[in-house]
Amino acid sequence: MRLADATWTDVRDADVDVAFLPVGSTEGHGPHAPLGTDTLNAVAVAEAGAAAYGTDEVDGMDADGEALVGPPIPVGVAEEHRRFDGTMWVSPDTFRAYVREAAASLPAHGIDRVVFVNGHGGNVDALAEVARRFSRDPTHEGYAVAFTWFDAVGEHGSDMGHAGPLETAMLRAEHPEMVREDRVEAARDGGADHWGEWVSGVNLAHDSHEFTDNGVVGDPTAGDA
């Protein structure tokens, strides 16, 4: 069930076990991928998870009810991409408060299990704290965890980069019309091989434009659907 498409009576009458809340970002992803890449990918993963919930596709799951997919949160902790036009961001404090309070609406309706499905690296630390505070909140019985999809791709984790092979592959699978294929080679050529500028285990670059000319890290030509 997609919450934004349902009526309130649909939600009242449903047997919802868990809510998946997609959390993304609006930020530069090179010349070939949309600013909403992180949000689009988080929604795709959340919807796939909801579709698989309670089926044989998920080992060891004993589910009587269904999974709900909430509306995406499209602006995150992304100031590190501020030099790329169109990027939007909020402070970690604002992000944590908004996401936690939005999620706290759900236990009021008996939906007390929440998974934050994250698509943006800059959100990781803040979301971990949100999940802890939500779960410890004495005003409700809710429990939450944060799931970042690209941390769960096994051997493909090295393909992540930024607007690189992995994110571009996900877009090609779910939203191929959003990939500017005629710009992919330029995206590769203007990008960086790795994230950051590292010296003795310390990243000296606070913002992504310090090490990538166009916001890309990795080779997006290598990521197929």
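The values are calculated or read from the model by the stated rules, or taken from the named source; none is laboratory data. Bear in mind that the values here come from a model prediction, so they are computed numbers and not experimental data. Because the Cβ atoms are built from the backbone with ideal geometry, glycine has one as well, and the counts that use them run over all protein chains shown. For accessibility, only protein heavy atoms count, side chains too; no ligands or nucleic acids. Shrake-Rupley method; radii C 1.70, N 1.55, O 1.52, S 1.80 Å.
Observations on the model:
- Antiparallel beta bridges, as assigned by DSSP with both residues in the range 1-131, represent about 15 percent of the total such bridges.
- Dipole check for the chain: with +1 at the C-beta of Lys and Arg, -1 at the C-beta of Asp and Glu, and the Cα centre as origin, the magnitude is about 700 Debye.
- Top of VAL179, VAL199, VAL77 by mean-square fluctuation, Gaussian network on the chain, Cα under 10 Å: VAL199
- Structural size metrics of the chain, computed from C-alpha coordinates, are Rg and Dmax of 18.2, 57 Å.
- Evaluated with a Cβ-only charge set (Lys, Arg +1; Asp, Glu -1), the range 101-208 carries a dipole of roughly 360 debye about its Cα centre, given to the nearest 20.
- Gaussian network model of the chain, Cα within-10 Å springs - most flexible of HIS120, HIS81, HIS156: HIS156
- Per residue value of the accessible surface for the chain (all protein chains in place, 1.4 Å probe), Å²: 52
- Counting charges near GLY122 (Lys, Arg +1; Asp, Glu -1) among other residues having Cβ under 13 Å from its Cβ returns a value of -4.
- Note on the chain: with a GNM built from Cα contacts shorter than 10 Å, the maximum mean-square fluctuation among GLY154, GLY30, GLY54 falls on GLY154.
- Remark on the range 170-225: hydrodynamic radius 12.5 angstrom, per the Kirkwood mean of 1/r across alpha carbon pairs.
- The residue list GLY223, LEU166, ALA104 was ranked by how far each Cα lies along the charge dipole of the chain toward its positive end, using unit charges on Cβ atoms, and ALA104 comes out on top.
- Using only side-chain charges placed at the Cβ, +1 for Lys and Arg and -1 for Asp and Glu, the dipole size of the range 1-40 relative to its Cα centre rounds to 140 debye.
- The value of relative contact order for the range 39-194, using C-alpha pairs under 8 Å at least six residues apart, is 19 percent.
- Expressed as a whole percent, the proportion of Cα-Cα pairs in the range 1-77 lying more than 22 Å apart is 34%.
- Amide H within-cut-off set for ARG2, under 5 Å, with H built and near neighbours excluded: VAL69
- Charge tally around VAL69: other residues with Cβ under 15 Å, Lys/Arg +1 each, Asp/Glu -1 each, net -4.
- Only helices reaching 15 angstrom along their own axis (Cα) with mean Kyte-Doolittle hydropathy no lower than -1.0 count here, and for the DSSP H runs of the chain these are 37-52, 92-103, 124-136.
- The calculated 222 nm mean residue ellipticity attributable to helices in the chain amounts to -8500 deg cm²/dmol, summing -39500 (n - 2.57) over DSSP H runs of n ≥ 4 and dividing by all residues.
- Protein-only accessible surface at a 1.4 angstrom probe places the residues TYR98, TYR143 in the order TYR98, TYR143, largest first.
- The accessible surface of the range 77-130, taken with every protein chain in place and a 1.4 Å probe, is 48 percent carbon and sulfur.
- Whole-percent carbon and sulfur share, accessible surface of the range 149-201, 1.4 Å: 47
- Percent antiparallel among DSSP beta bridges (both partners in the chain, rounded to 5): 20
- 5 angstrom amide H check on LEU21, placed H, neighbours 5+ away: GLY70, VAL115, PHE116, VAL117
- For the range 1-131, a/c is not less than 1.5, where a ≥ b ≥ c are the root eigenvalues of the C-alpha gyration tensor, and a/b tops b/c. That puts it in the prolate class.
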